[in-house]
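What follows is a single structure, written as structure tokens, with notes after it.
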Ligand code: HEC
């Protein structure tokens, strides 16, 4: 019975977290559940990153909200900086190709490309004068997500 209650509590906690991740206003919290596995933690951060990039294209660009774009770009780049640490050897998952660990230097370099593109977008958004350049930088950043996914993500 104890286990059942603990299990239910976890289920509730998980669905609350899942709701937060898909919200466009989830930039503030970057902490996955404390007792999450490494795979759950990275999936959580990827979902946040996905919500952040969506908010850029679906909301902030249209509203000329460059401050929010800068915030989203920082969230994405901060995650990209630590992303390889969330893929320790043996942390296989249904979403991750084994090729990640066959050429981990390439995986790291693709994460670094993502970070660099995020920082570039941040800089332009901070200045906030050239919307065309901001849009181009946002698309370029999106390209660095795709580049890694094509090689290393298993689409569900
Ligand atoms: C260096 C490689 C790499 C980069 C860069 C990268 N991703 Fe991913 N992404 C992955 C891998 C690998 C997975 C699968 C992780 C797993 O399931 O264990 C993934 C999974 C995801 C998921 C699915 C999470 C889920 O629901 O299971 C989303 C959403 C996502 N990434 C968004 C992004 C966005 C947005 C960017 C760019 C801002 C990005 N990723 C950049 C490698 C990358």
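Given 10 °C and 1.306 mPa s, compute D for region 67-154 with the Stokes-Einstein relation, Rh being the Kirkwood radius over Cα pairs; round to the nearest whole µm²/s.
On the way: Rh = 13.5 Å.
The diffusion coefficient I find is 118 µm²/s.
Extending each Cα 7 Å along its Cβ direction at residue 35 and residue 105, get the distance between those two points in nm, one decimal.
Using points 7 Å along Cα→Cβ, the separation is 4.1 nm.
7 Å from Cα along Cα→Cβ at both residue 133 and residue 151: what's the point-to-point distance in nm?
Inter-label distance under the simple model: 2.9 nm.
Quick one: Cα convex hull volume of region 59-105, Å³ per residue?
Working: hull volume 4.9 nm³, N = 47.
Spelled out: Cα convex hull of region 59-105, divided by residues, is 103 Å³.
By how many nm would the segment from residue 54 to residue 112 lengthen if fully extended, with 0.36 nm per residue of separation less the alpha-carbon distance?
On the way: separation 58, 0.36 × 58 = 20.88 nm, distance 2.06 nm.
Extra length available between residue 54 and residue 112 comes to 18.8 nm.
Which order do the peptides 140-147, 99-106 come out in when sorted by mean C-beta neighbours inside 10 angstrom, highest first? Intermediate values should be presented prior to the final figure.
Details: 140-147: 16.9, 99-106: 13.2.
Descending mean neighbour count gives 140-147, 99-106.
A short reminder: the numbers here are calculations on the coordinates, not readings from a lab. Keep in mind it's a predicted model, so treat the numbers as computed, not measured. FYI the Cβ positions are ideal-geometry reconstructions off the backbone, even for glycines, and counts take in every protein chain you see.
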